[in-house]
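Structure first, then comments.
The values are calculated or read from the model by the stated rules, or taken from the named source; none is laboratory data. None of these values were measured; they are calculated from a predicted model. With ideal geometry, Cβ positions are generated from the backbone for all residues, glycine too; neighbour counts draw on all protein chains shown.
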Amino acid sequence: MNYNILSKLPDVGTTIFTTMSKMANENGAINLSQGFPDFEVSTDLIELISSYMKKGLNQYAPMSGVPHLSNAISKMIANTRNVMVNSENEITVTSGATEAIYDIITATVQKNDEVILFDPAYDCYDPAIRLSGGTPIHIKLTQPDFSIDWEVVKNHINPRTKMIMINTPHNPTGAVLSQKDLNSLEDLIKDTNILVLSDEVYEHIIFDDKAHESVLKYPNLRQRSAAVYSFGKTFHATGWKMGYVVAPSWWTIEIRKVHQFVTFCSNTPVQYALADFIAEPENYEYVPRLYQEKRNYFTNLVKESNFKPVKCSGTYFQLLSYNNVEELCHLNDMEAAEKLTKKYGLASIPISVFYGDRQDDKLLRFCFAKGKETLKKATEILCKI
């Protein structure tokens, strides 16, 4: 029976991550599509969670987050960014970064507001904007380095521009914003009321001695920015869906109004455990080195194939061009991803899905957050094609 529901997202189907992981499972393929590690979470962190469960901390947490964790986050930000954040009024713990992004957009964007985002953009941005009645304004990153042309951004700003969304390190490309980029953004919006949503979930996964340029480090940006982070990415536990938002107190009030009706609160014993875990800086300071080694291992093996790596300075994703792969180069990226999965047993993500206009540059995204054996088997497949 049809109850005449008018879809709010008529052009949106199942996410590409679900699609490709399902295809990988059905074909027994190595899954380098969806971004999750295949190695273990710290046993110390697991034991901490267990200990708090056994202590009986298994009921609702405070809506904005366990104070023990908010205080620990504030101290971690002071340690890593040399910035002081009010743990009570500026930090909100969320059930993952996706929820945080949805909360921020829902609390802020109203009908006919415009939100600038940069393609290829993570797939949750655009739908959240449209669900709030806003209009996504897609601006393409400049290839081959996937940088932002700030003059182009300037030309798109008008009285309806409510927000600019940035993502660094950038998923899916691995590009990283520089100090110059943040200064350009700062200058661009200084005489406006434009807000910034900064997706920084891969803040600790950055390579080649590059520094993560957080909006929190720039006073004129910080006062109008909401920054999003992910414990799941940092500690290889994506299934826990644990993240947080740092925003000025006036904006935090509005973000929490939405958060309390989306999930209300997040996992209680995990929050207590994370608070203890991040109190020791060595538990997150090793992360850049870990993933740089994995990136280097993967790209060095790929050099023996006809696939060409795109420069990756952060995240745990590597783009590969298949323009020179005779068997695949005549296919669009979705077709290439399907063939690679079904015929060769290796799943990836086609990059066109991250573009508003589905631009196809014959690029596939591979997740290298895997053990060496998995990466070795994956690259052996690539070298055979």
### Message
Quick check on K111: is it farther than 29 Å from A211 by Cα and outside the structural domain of G239 (by TED's automatic domain parsing)?
### Response
no
### Message
When you check V228 against the structure, is it more than 24 Å from Q318 (Cα to Cα), part of a strand (DSSP E or B), within 17 Å of the chain's Cα centre (by Cα) and at pLDDT 95 or above, yes or no?
### Response
no
### Message
Cβ-Cβ under 8 Å, sequence separation 6+ or interchain: first residue in region 293-309 and within 17 Å of K370 (Cα to Cα), partner part of a strand (DSSP E or B). Which pairs?
### Response
R295/Q318; F298/Q318; F298/F366; T299/P309; T299/Q318; V302/P309; V302/Q318; V302/L320
## Note on the structure
Here the qualifying pairs (Cβ atoms under 7 Å; residues six or more apart or on different chains; first in region 25-41 and under 27 Å from T234 (Cβ atoms) and among the polar types (S, T, N, Q); second at pLDDT below 95 and surrounded by fewer than 20 Cβ atoms within 10 Å (Cβ to Cβ)) come out as N31/S21; S33/F17; S33/S21; Q34/F17; Q34/S21
### Filter result (in contact (Cβ under 8 Å) with a residue 24 or more places away in the chain and either under 20 Å from the mean Cα position of the chain (by Cα) or in a loop (DSSP other than H, G, I, E, B) (or both)) within region 332-351
N332, Y344, G345, A347, S348, I349, P350, I351
### Task
Give me the pairs, please: first residue somewhere in region 49-61 and over 7 Å from T268 (Cα atoms), second residue anywhere and aromatic (F, W, Y), beta-carbon distance under 7 Å, and either six or more positions apart or on two chains.
Y52/Y272
### Summary
When (1) within 27 Å of A275 (Cα to Cα); (2) outside the structural domain of G243 (by TED's automatic domain parsing) are applied to V66, the one that fails is (2)
### Candidates L328, L364, L320 - the one that is in a strand (DSSP E or B) and either in the same structural domain as R130 (by TED's automatic domain parsing) or without any contact (Cβ under 8 Å) to a residue 60 or more places away in the chain (or both)
L364
### Task
Answer yes or no: is there a residue in region 253-264 that is in contact with a strand residue (DSSP E or B) (Cβ under 9 Å, 6 or more places away or on another chain) and at positive phi.
no
### Task
Give the number of residues within region 40-76 that are surrounded by fewer than 20 Cβ atoms within 10 Å (Cβ to Cβ) and either outside any helix (DSSP H, G or I) or of a type in the set (D, E) (or both).
13
### Query
Looking at this structure, is A237 over 22 Å from the mean Cα position of the chain (by Cα) and closer than 27 Å to D44 by Cβ?
no
### Task
Within region 3-10, identify whether any single residue is farther than 30 Å from Q223 by Cα and crowded, with 19+ Cβ neighbours inside 10 Å, and answer yes or no.
no
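Residue by residue, here is whether (1) buried (at least 19 other Cβ atoms within 10 Å of the Cβ); (2) over 22 Å from the mean Cα position of the chain (by Cα) holds:
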{"site": "P127", "(1), (2)": "no, no"}
{"site": "T135", "(1), (2)": "no, no"}
{"site": "D145", "(1), (2)": "no, no"}
{"site": "I157", "(1), (2)": "no, yes"}
{"site": "K162", "(1), (2)": "yes, no"}
{"site": "P169", "(1), (2)": "yes, no"}
{"site": "D187", "(1), (2)": "no, yes"}
{"site": "L195", "(1), (2)": "yes, no"}
{"site": "D208", "(1), (2)": "no, no"}
### Query
If only one of T142, T108, T98 is touching a helix residue (DSSP H, G or I) at 6+ places or on another chain (Cβ under 8 Å) and either modelled with pLDDT of 95 or more or of a type in the set (S, T, N, Q) (or both), which one is it?
T108
